[in-house]
Amino acid sequence: MQHTMNVFTRFGDLDTQRHVTSRTYELFALDARYSVLRDLGFSQERIQNEQIYLEAVRGYSKFHRQQFPGSELLVKTQVSSLGGALLHWDQQILEQSGALVCHLQLKTRLTQAKNPIDVQGIEKQDSLEALYTDLAPWSGKGQRITSRYTMPYSDRDFAGRYNVASLWRIFEEGRWNFAAQTGLTYEKIVAMDTTSFYMGSVANYFEEIPAGETVDIITWIERIERIRYFFRQDIVLNGKIMLSMCDEQLIVSVSKQRPQRASSFFLEYVSPYLEFP
């Protein structure tokens, strides 16, 4: 089943890097997913009253072209049944020219008041190119940074839960906290002539986090491959992993404004937090 819709970026979608934040694209994709449900006969009133919900299980994102305010984009959605309550969403956000802005995949469980319900009206696919994977647990090698995050009541959605964009906010905080706790200041970035850009991620969603709870964000670097490094995060509540993410970060020279191999200064800086040197 396929669906298309047009969307516009806004000035308020800009992040600290002055381009549209990744959460904006996920919110566009979320709107498209619920539009598909409405096409399947789930009215907006029913979705809200009966808490018809797309519960995230696994996710993938890849960002290709930066965007700025006032861009008109096209969201193309293809959804397939994985059997029972499980759905596979493959979504592309495109410029009007057809150039790919970002690619999102999400495996969801359709629920009604938190109870799984079988999906009707969507073709089942036995072979799909699923780009999300099960992330390996931390091996115990290397150091990790732990920070704390309290789940805001105000970030909950119509069902009193946290959608994927709200969960991504936790991981964003984890990246910033890692930089703060390891002393990665602007001056340090300039001295190493090295920064990085978030290119995409794989996420595993295990358990729902209750509002108001304070979780541990545990961060480390899994490995470095030429001009990329892979940044890991586990979101832990009472000793249990609730969410996990692996980011792909592109290593970029500040002075040359282009990708480069990890310098010796950068390798020395991150070595204590590197799981697989």
For LYS256, state whether it is under 30 Å from ARG161 (Cα atoms), out of contact with any strand residue (DSSP E or B) (no Cβ under 6 Å at 6 or more places or on another chain) and of a type in the set (D, E, K, R). no
Got a number for residues in the range 264-275 being out of contact with any Phe, Trp or Tyr (no Cβ under 9 Å at 6 or more places or on another chain) and either open to solvent by 70 Å² or more (accessible area, probe 1.4 Å) or assigned to a loop (DSSP other than H, G, I, E, B) (or both)? 4
Of LYS141, LYS124, LYS114, the only residue that is closer than 25 Å to ARG169 by Cβ, open to solvent by 50 Å² or more (accessible area, probe 1.4 Å) and of a type outside the set (Asp, Glu) is LYS114
Scan the range 44-64 and give yes if some residue there is surrounded by fewer than 16 Cβ atoms within 10 Å (Cβ to Cβ), touching a residue at least 12 places away in the same chain (Cβ under 8 Å) and aliphatic (A, V, I, L, M), otherwise no. no
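For ASP134, are the conditions met, namely being open to solvent by 90 Å² or more (accessible area, probe 1.4 Å) and either aliphatic (A, V, I, L, M) or within 19 Å of the chain's Cα centre (by Cα) (or both)?
Working: open to solvent by 90 Å² or more (accessible area, probe 1.4 Å): yes; either aliphatic (A, V, I, L, M) or within 19 Å of the chain's Cα centre (by Cα) (or both): yes.
It is true that ASP134 is open to solvent by 90 Å² or more (accessible area, probe 1.4 Å) and either aliphatic (A, V, I, L, M) or within 19 Å of the chain's Cα centre (by Cα) (or both).
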Cβ-Cβ under 8 Å pairs, at least 6 apart or on other chains, the range 117-132 side more than 26 Å from MET245 (Cβ to Cβ), far side open to solvent by 50 Å² or more (accessible area, probe 1.4 Å) and in a loop (DSSP other than H, G, I, E, B): GLY121/MET1; GLY121/GLY41; ILE122/MET1; GLU123/MET1
Could we say that LYS76 is surrounded by 13 or more Cβ atoms within 10 Å (Cβ to Cβ), under 21 Å from LEU131 (Cβ atoms) and free of Cβ contacts under 8 Å to residues at least 60 places away in the same chain here? no
Any residue at all in the range 178-201 that's under 28 Å from ALA113 (Cβ atoms) and at pLDDT 95 or above? no
Tabulated pairs, the range 256-277, first within 19 Å of GLU222 (Cβ to Cβ), second open to solvent by 60 Å² or more (accessible area, probe 1.4 Å) and not in a loop (DSSP other than H, G, I, E, B), C-beta under 6 angstrom, 6+ apart or interchain: PHE276/ARG223
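Counting only residues that are without any contact (Cβ under 8 Å) to a residue 60 or more places away in the chain and of a type outside the set (Gly, Ala, Ser), which one in the range 25-36 is surrounded by the fewest Cβ atoms within 10 Å (Cβ to Cβ)?
In the first step, residues of the range 25-36 are kept if they are without any contact (Cβ under 8 Å) to a residue 60 or more places away in the chain; the result is 31-32, 34-36.
Narrowing further to those that are of a type outside the set (Gly, Ala, Ser): 31, 34, 36.
Numbers: ASP31: 13, TYR34: 16, VAL36: 21.
Going through the qualifying residues, I end up with ASP31.
The values are calculated or read from the model by the stated rules, or taken from the named source; none is laboratory data. On a predicted model such as this, the values are computed, not experimentally measured, just so you know. In this analysis, Cβ positions are derived from the backbone assuming ideal geometry, glycine residues included, and neighbour counts consider all displayed protein chains. Keep in mind that these areas ignore ligands, DNA and RNA; they rest on the heavy atoms of the full protein, side chains included. Shrake-Rupley method; radii C 1.70, N 1.55, O 1.52, S 1.80 Å.
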